[in-house]
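Input: a single structure, listed below in structure tokens.
The values are calculated or read from the model by the stated rules, or taken from the named source; none is laboratory data. Treat the numbers as computed from the prediction; the structure is a model and nothing was measured. Cβ placement follows ideal geometry from the backbone for every residue including glycine, while neighbour counts extend to all protein chains displayed. Just the protein is used for accessible areas: all its heavy atoms, side chains included, with ligands, DNA and RNA removed. Shrake-Rupley method; radii C 1.70, N 1.55, O 1.52, S 1.80 Å.
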Amino acid sequence: MLQSAYETERRARKFYEDQVLDHLNERMKEFIRSMSMAFIATADGHGECDSSLRAGPEGFIEVLGDRHVAYPEYRGNGVMASLGNISENPHVGILLVDFVDALIGLHVNGKARILEDADLRAIHPGLRSDFERGRKPERWVVVQVEEAYIHCRKHIPRMAPVSRNRAWGTDDVKRKGGDYFAAKGTPRPWHQTQPQHD
């Protein structure tokens, strides 16, 4: 309806016909294997959305074939916002962006399921196992690809990677970022319990 209202149907149809696949081609698989970060979009059963960053060494997202990828879930803050959403609504969107070399992005949309590390390794024994301390996957999100398509480069900024020491697996509040946004001391009236009446 919006394409019709804004008269973009012809452009949209050309994009669908030229760029949108229902699987990963070889260039896409190569691109995914070169990425060290991805943005994951999920929504719960009511449509409430969440977007989260996932990162790791190049190739941390495993390409399991033309129609499946898997990304690891490491030990985190325990909230499990993305996994909770997936347990209610399996639709996920993955955006991978090369900010360094090609300045291009790839969207991968599909249906996800959660597998424990040992269960995925039983199916795919070739999964990488050379993890840095504190970066062993606890479980994986396996995504069945329904759409894969380009994200154009014109608004992607060029960035330069800088080496740094990372405290993978730490529970040290300061090393994790502390209370950077000063949320800890902010009053939360919506959390206060209502007074009991006799």
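Computed over protein heavy atoms with a 1.4 angstrom probe, the accessible surface ordering of Thr8, Thr186, largest first, is Thr186, Thr8. Ordering Lys136, Lys29, Lys154 by accessible surface, largest first, gives Lys154, Lys136, Lys29; the 1.4 Å probe counts only protein heavy atoms, with every chain in place. Amide hydrogen proximity for Ile104: with H placed 1.01 Å from N in the peptide plane, the residues at 5 or more positions away or on another chain lying under 5 Å are Asp98. Near His23, the amide H atoms lying under 5 Å from its own belong to Ala148; only residues 5 or more places off or on other chains count, and H is placed 1.01 Å from N.
Backbone geometry of the range 182-189 corresponds, through the Karplus equation with coefficients 6.51, -1.76 and 1.60 at θ = phi - 60°, to 3J(HN,Hα) couplings of 6, 7, 4, x, 6, x, 10, x Hz, x marking Gly and Pro. With a Cα cut-off of under 28 Å and a minimum spacing of 8 residues unless on different chains, the lysine pairs in the chain number 11. Counted by Cβ distance under 12 Å from Arg139, the other residues give a net charge of -1, where Lys and Arg count +1 and Asp and Glu count -1.
Of Val145, Val92, Val162, the residue with the greatest mean-square motion in the GNM of the chain, using alpha carbon springs below 10 Å, is Val162. Its DSSP H runs of at least 4 residues, each contributing -39,500 (n - 2.57), put the calculated 222 nm mean residue ellipticity of the chain at -5500 deg cm²/dmol, to the nearest 500.
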